[in-house]
Amino acid sequence: MLGRGKKGKSAGARVDTIVGQKTRINGDVHFSGGLHIDGRIEGSVIAEEESASVLTVSENGSIEGDVHVPNVILNGSVSGDVRSSERIELAAKARVTGDVYYQLIEMAIGAEVNGSLLHHDGTSSSVVSFERDPVSLGDGGDQNT
C-alpha cells in the first residue's frame, strides 16, 4: 500500500529519447517530451519553453552544464545549476554541484546539493528591472565648494 500513489507521477513519464550508458554528448541538448540519460552530457540540457518536458537522469547518468527543464527526476550527478519550473525529485544517489531553483521539491535521504536551494513560486518574472531617476551631471565644472 505504501508508495502506491507515487508511481503515477514518475513511472508514467513518457520517454522520447534515451542517452545510453556508453554515450557521451559534447554540446547543449535541446528537447521536448521525455529525455532519459544513462550516459554523460557535457553541455546544458534545455527543454522547450512552455512545455511539460521531463528529464530523468539515472544513477549512471551525469551532466556537466546547466539544466533548464520543468520536471526533473535526478538520481545521477549534475555539475551546474538546475532550474525546474514545476517539480524536481532528488533520489538517494542524486548529486548536484550548483544551485537548485525549484517550485516543488522532493528530496530523498542521501541526496546531495552542494549549492543553494532557491524556491520560486512561478508567479514572478525571471527578469528583474529597476526604475531609476535620471541623474544630472551638471556642467562638468569643479564641484568642490
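Numbers below:
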read-out	value
Filter pass, Val78 being out of contact with any helix residue (DSSP H, G or I) (no Cβ under 8 Å at 6 or more places or on another chain), of a type in the set (A, V, I, L, M), in a strand (DSSP E or B) and farther than 19 Å from Arg14 by Cα	yes
Test: residue in the stretch 102-109 that is buried (at least 20 other Cβ atoms within 10 Å of the Cβ), modelled with pLDDT of 95 or more, in contact with a Leu (Cβ under 8 Å, 6 or more places away or on another chain) and under 19 Å from Asp28 (Cα atoms)	no
Lone unmet requirement of (1) in a loop (DSSP other than H, G, I, E, B); (2) under 18 Å from Val45 (Cα atoms); (3) at pLDDT 95 or above for Glu89	(1)
Some residue of the stretch 66-73 being closer than 17 Å to Val100 by Cβ, in contact with a helix residue (DSSP H, G or I) (Cβ under 8 Å, 6 or more places away or on another chain) and buried (at least 18 other Cβ atoms within 10 Å of the Cβ)	yes
Residue match in the stretch 35-44 (condition: at pLDDT 95 or above and under 12 Å from the mean Cα position of the chain (by Cα))	yes
Condition check for Ser79: of a type in the set (Ser, Thr, Tyr), touching a strand residue (DSSP E or B) at 6+ places or on another chain (Cβ under 9 Å), without any contact (Cβ under 8 Å) to a residue 24 or more places away in the chain and within 19 Å of Leu118 (Cβ to Cβ)	yes
The stretch 16-54, subset in a strand (DSSP E or B) and touching a Phe, Trp or Tyr at 6+ places or on another chain (Cβ under 8 Å), residue nearest to Ala91 (Cα to Cα)	Val45
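The values are calculated or read from the model by the stated rules, or taken from the named source; none is laboratory data. Since the structure is predicted, the reported quantities are computational estimates derived from the model, not experimental observations. Cβ atoms come from the backbone with ideal geometry, glycine included; neighbour counts cover every protein chain shown.
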